[in-house]
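Only one structure is covered here, and it is reproduced in the block below.
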2 protein chains.
Amino acid sequence: MRPATRPHESSPDVHTDRPALLFDLDGTLLDSVYQHVIAWKEALESAGIPLSIWRIHRRIGMSGGLFLRALVRETGRDLSAAEADRLRVLHEEGYRRRISEVRPLPGAEALLELLSASGVPWAIATSSSEATAKTSLSLLEIPPGVPVITRDQVQYAKPNPDLFLAAAEALGRPIGESFVVGDSVWDLLAAQRAGALGIGVLSGGYGREELETAGAYRVYDDPQDLLEHIDELGIRTHS
Amino acid sequence: MRPATRPHESSPDVHTDRPALLFDLDGTLLDSVYQHVIAWKEALESAGIPLSIWRIHRRIGMSGGLFLRALVRETGRDLSAAEADRLRVLHEEGYRRRISEVRPLPGAEALLELLSASGVPWAIATSSSEATAKTSLSLLEIPPGVPVITRDQVQYAKPNPDLFLAAAEALGRPIGESFVVGDSVWDLLAAQRAGALGIGVLSGGYGREELETAGAYRVYDDPQDLLEHIDELGIRTHS
């Protein structure tokens, strides 16, 4: 083994200053979690299923199938596949009716612009269906070429790792050199399962301690706070 | 000092099987936190003050005055006393418009009935104004004689201890023998400042770790979960 006398001669394939960022969407880039929560509450009530709002909040961001299965267990009520499908449709309609209330989170647009301008690869990975994601994404400017992976493109949504694995693959980047940025414990569990580093944001309503326990290396308030501390991820932006 | 050879001869004034329970209202007995959050969001937007929803959520349950002061600091926007008053009125109106969506939390009514039937003294202490509390309380059956302490009856709301001190006094019980039951860190800080024991519930949307850190001796899911574990507070109900 040769002593490291020539530190500049590292492998040309490793660009540790350009890790990929894989973003969750709702609660991470958009202030949309509470609209999703209220839309689910409405859908469930219309089907005669009462569920406290905080319990719905804690499931947001996970796969709709898992969400409904957990709900069946907690309420002790049986749910046919057709009923589950109908609830998903009602939720999507209810969310779409509220889209005019939804805003990008502070700093979201500036953060994405900075990453693009600095050549840092990034992608979006959401448990939402293609249709719901499209409604949400209309509030952000996503440059052509940025991968957007939705529930329809993988077998399992979060907390399975599939969405983030697909996002890294679409970027042509190793998942192990990628950061997953999310607001929910489901994002962070999926990040751990994928072998990516997890970054939490508080903007979806989870507490700092929960996100840290779920594996977040750092927790920021929101995209603006992450933007102001982007150096803590070892990302060198030229701004 | 005499050795304690006669354990049954304790002071007749101490009834350790009947500690008082002092309940917060929103998020603790009523599933109303998200309606308050959305009503504040709407009021603030109408005044041209954008604020992420999670930041509003984290202030619910604290005094409206402190809430607005914190908000001014965070948004860097100045707010006159008249504007603050107008925002409070808008929030109250917005909440009242949503009252038909608000439900008692699971177990809330059964818990209160059991306490009354068992002779356990209890009271309600809320940072809401008299008017807003009245709207909320219409959803619960509060027997005559149960003290309801609102923001209008004390100098400072939570996280100051005044509301809980007044509630214990109205019951004629020492605050040190009282449990404070609340969903927010403001309740638990007020409990600590008052010298009462704090019990957290998750039904307002805060995480377990936060409530424990803020001083909760135990954390339950909601009133139903507390009801099922009431023996853990040393309360002997005769049911």
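The values are calculated or read from the model by the stated rules, or taken from the named source; none is laboratory data. What you are looking at is a predicted structure, and each value in this text was computed from that prediction instead of being measured. Cβ placement follows ideal geometry from the backbone for every residue including glycine, while neighbour counts extend to all protein chains displayed.
Residue count for segment B:139-161 satisfying the condition of being without any contact (Cβ under 8 Å) to a residue 24 or more places away in the chain and either buried (at least 22 other Cβ atoms within 10 Å of the Cβ) or not hydrophobic (A, V, I, L, M, F, W, C) (or both): 5.
Per-residue answers, yes or no, for (1) over 12 Å from A:Leu25 (Cβ atoms); (2) modelled with pLDDT of 95 or more; (3) more than 15 Å from the chain's Cα centre (by Cα); (4) among the small types (Gly, Ala, Ser):
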{"position": "A:Leu114", "(1), (2), (3), (4)": "yes, yes, yes, no"}
{"position": "A:Thr126", "(1), (2), (3), (4)": "no, yes, no, no"}
{"position": "A:Glu141", "(1), (2), (3), (4)": "yes, no, yes, no"}
{"position": "A:Pro147", "(1), (2), (3), (4)": "yes, yes, no, no"}
{"position": "A:Ala166", "(1), (2), (3), (4)": "yes, yes, no, yes"}
{"position": "A:Glu169", "(1), (2), (3), (4)": "yes, yes, yes, no"}
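What do you reckon, is A:Ala108 within 14 Å of another protein chain (Cβ to nearest Cβ), at pLDDT 90 or above and crowded, with 16+ Cβ neighbours inside 10 Å? Criteria met by A:Ala108.
With respect to the conditions (1) within 14 Å of chain B (Cβ to nearest Cβ); (2) hydrophobic (A, V, I, L, M, F, W, C); (3) outside any loop (DSSP other than H, G, I, E, B), A:Val89 lacks only one, and its number is (1). Set side by side, the residues B:Asp183, B:Asp231 differ, and just one is in contact (Cβ under 8 Å) with a residue 24 or more places away in the chain and among the acidic types (Asp, Glu), which is B:Asp183.
Mind checking whether some residue in segment B:13-21 is touching a Lys or Arg at 6+ places or on another chain (Cβ under 7 Å) and either away from chain A (no Cβ under 14 Å) or free of Cβ contacts under 8 Å to residues at least 40 places away in the same chain (or both)? Checked against the condition, which is being touching a Lys or Arg at 6+ places or on another chain (Cβ under 7 Å) and either away from chain A (no Cβ under 14 Å) or free of Cβ contacts under 8 Å to residues at least 40 places away in the same chain (or both), segment B:13-21 yields at least one hit. Hey, B:Thr237 hits all of (1) without any contact (Cβ under 8 Å) to a residue 60 or more places away in the chain; (2) surrounded by fewer than 21 Cβ atoms within 10 Å (Cβ to Cβ) but one; which does it fall short on? Here B:Thr237 clears every test but (1). Can you tell me which residue is farthest from the other protein chains (Cβ to nearest Cβ) among those in segment B:200-221 that are charged (D, E, K, R) and without any contact (Cβ under 8 Å) to a residue 24 or more places away in the chain? The extreme case among them is B:Arg218. Among the residues examined, B:Asp31 does not qualify as modelled with pLDDT of 95 or more, in contact with an Asp or Glu (Cβ under 9 Å, 6 or more places away or on another chain) and more than 16 Å from A:Val37 (Cα to Cα). Screening the candidates A:Tyr95, A:Tyr34 for the property of being within 14 Å of chain B (Cβ to nearest Cβ) and part of a helix (DSSP H, G or I) yields one hit, A:Tyr34.
Checking each residue in segment B:170-226 for being surrounded by fewer than 24 Cβ atoms within 10 Å (Cβ to Cβ), out of contact with any Gly (no Cβ under 8 Å at 6 or more places or on another chain) and not hydrophobic (A, V, I, L, M, F, W, C) picks out B:Gly172, B:Arg173, B:Pro174, B:Glu177, B:Arg193, B:Thr213, B:Asp221.
Of all residues in segment A:98-107, those satisfying the criterion of being assigned to a helix (DSSP H, G or I) and over 19 Å from the mean Cα position of the chain (by Cα) are A:Ser100, A:Glu101.
Take B:Gly27 and decide whether it is among the small types (Gly, Ala, Ser), more than 18 Å from the chain's Cα centre (by Cα) and within 13 Å of chain A (Cβ to nearest Cβ). Criteria not met by B:Gly27. One residue stands out among those in segment A:59-68 that are in contact (Cβ under 8 Å) with a residue 24 or more places away in the chain and within 14 Å of another protein chain (Cβ to nearest Cβ): the one that is surrounded by the fewest Cβ atoms within 10 Å (Cβ to Cβ), which is A:Ile60. Residues of segment A:37-67 that are part of a helix (DSSP H, G or I), closer than 21 Å to A:Tyr206 by Cβ, in contact with an Asp or Glu (Cβ under 9 Å, 6 or more places away or on another chain) and of a type outside the set (Lys, Arg): A:Ile38, A:Ala39, A:Ile53, A:Trp54. Can you say whether A:Arg173 is touching a residue at least 40 places away in the same chain (Cβ under 8 Å) and more than 21 Å from A:Val33 (Cα to Cα), as far as the supplied structure shows? Yes, satisfied. For beta carbons closer than 9 Å, sequence separation of 6+ or different chains, a first residue in segment B:45-56 that is within 9 Å of chain A (Cβ to nearest Cβ) and within 13 Å of B:Phe67 (Cα to Cα) and a second that is modelled with pLDDT of 90 or more and in a helix (DSSP H, G or I), the qualifying pairs are B:Arg55/A:Leu202; B:Arg55/A:Ser203. Looking only at segment B:68-85, filter to residues that are assigned to a loop (DSSP other than H, G, I, E, B) and charged (D, E, K, R); which one of those is nearest to B:Gln155 (Cα to Cα)? Checking each candidate, the answer is B:Asp78.
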